[in-house]
Amino acid sequence: MSSPISDALRYRHGTDLADLDTRGTPGFDGSKSDAEKALPELAPEMADLQEKLFAAGYTGSDRRLLLVLQGMDTSGKGGILRHAVGLLDPGGMRLKSFKKPTKEELSHDFLWRIERELPGPGEIGIFDRSHYEDVLVVKVHQLTDAAEIERRYDAINAFEQRLVDEGTVIVKCMLHISPETQKERLLARLDDPTKQWKFKPEDVDERGHWDAYQAAYATALEWCSTEAAPWHVVPSDRKWYRNWAIGQLLREHLAALDLDWPEPDYDIAEQRARLENEK
């Protein structure tokens, strides 16, 4: 690793997404085999950091971490869950994959269903898609008016700032792929009987809105990458780099919490004596 991955991937305001190489490897100067070897080697450190976070939550801390994964179809959210997030203990995680809103969810403000799935103290939350769907899909397909979309950007910023103020570390990742790579991956699904179930005919229809989606992502990144909750743009044409980068982002943000094992709020010698002397 040539630099902190969070710095290498952090979105800079004014950046044109088209100028960011979807096959790039920011912060990494090794090969595919190097990355595939390095990722599982993070597991022991990740386990230690996660357990310290869990212990802190168990003993009263409000610290928690939320990983937000957004990207076009085939950008690799599932692969990240298997390879990078798979390094974590599922017992300390809360995973939510947001689908099309239900009738009940649509009867509330768009953040209502998000609030219900937030990680608790000491937990690591993973959002496979998120509240950003409501300024991406909704915007591209004009499912509400422009004034409501603009309101949502401000609502998202206020929501994320509140979470951070309450002790949540938010790690937002846009999985950046090219239309050519998406086409290759969709064709691969059609060619593989074990993956044909993933394909939906509407996936092809959505490709017709590619430019509109890129514009919607650009606006979301520009308006909602804040000091409290910055966006990271993760080149995702190379699966091995994408997985390594997300693993490193998780490790860096967990380490930055600088947690240690909580001090006991009882007299250790006294409790030892009680156990040794019990009949």
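The values are calculated or read from the model by the stated rules, or taken from the named source; none is laboratory data. As the structure is a prediction and not an experimental result, all values here were calculated from the model. Glycine also receives a Cβ, built like all others from the backbone with ideal geometry; neighbour counts cover every protein chain displayed. In case anyone asks, the SASA skips ligands and DNA or RNA and just uses the protein heavy atoms, side chains included. Shrake-Rupley method; radii C 1.70, N 1.55, O 1.52, S 1.80 Å.
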Seminar exercise, completed: Taking 249-258, 170-179, 263-272 and ranking on average Cβ neighbours within 10 Å, highest first, one gets 170-179, 249-258, 263-272
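How many times 2.2 N^0.38 Å is the alpha carbon radius of gyration of the stretch 22-109?
Dividing the Cα Rg of the stretch 22-109 by 2.2 N^0.38 Å gives 1.40.
May I ask for the equivalent-ellipsoid semi-axes of the chain, computed as the square root of five times each C-alpha gyration tensor eigenvalue and listed largest first in whole Å?
Ellipsoid semi-axes (Å, largest first): 35, 23, 18.
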Seminar exercise, completed: Whole-percent carbon and sulfur contribution to the accessible surface of the chain (1.4 Å, no ligands, DNA or RNA) stands at 50 percent
Exercise. What is the projected area of the convex hull of the Cα atoms of the stretch 121-262, averaged over all directions, in nm²?
Worked result: 10.7 nm²
For this session: Between the alpha-carbon centers of the stretch 29-52 and the stretch 212-229, tell me the distance in whole angstrom.
Result: 29 Å
For this session: Evaluate E = 1/(1 + (r/R0)^6) for residue 62 and residue 109, where r is the Cβ-Cβ distance and R0 equals 25 Å; express this FRET efficiency to the nearest 0.05.
Result: 0.60
Problem set entry | Neighbourhood net charge (12 Å Cβ-Cβ; Lys/Arg +1, Asp/Glu -1) for residue 271 | -3
Exercise. Counting Lys and Arg as +1 and Asp and Glu as -1, what is the net charge of the other residues whose Cβ lies under 12 Å from the Cβ of residue 80?
Worked result: +3
Problem set entry | Residues of the chain: accessible area per residue with a 1.4 Å probe, Å² | 52 Å²
Seminar exercise, completed: Over 20 Å (Cα to Cα) among 32/200; 37/195; 77/183 -> 32/200; 37/195
For this session: Quickly work out the residue 184-to-residue 273 label distance, labels modelled 7 Å from Cα along the C-beta direction, and quote it in nm with one decimal.
Result: 7.0 nm
Seminar exercise, completed: Karplus ³J(HN,Hα) for the stretch 12-26 (6.51 cos²θ - 1.76 cosθ + 1.60, θ = phi - 60°; Hz, whole; x = Gly/Pro) runs 9, 4, x, 6, 8, 4, 5, 8, 8, 5, 5, 9, x, 9, x
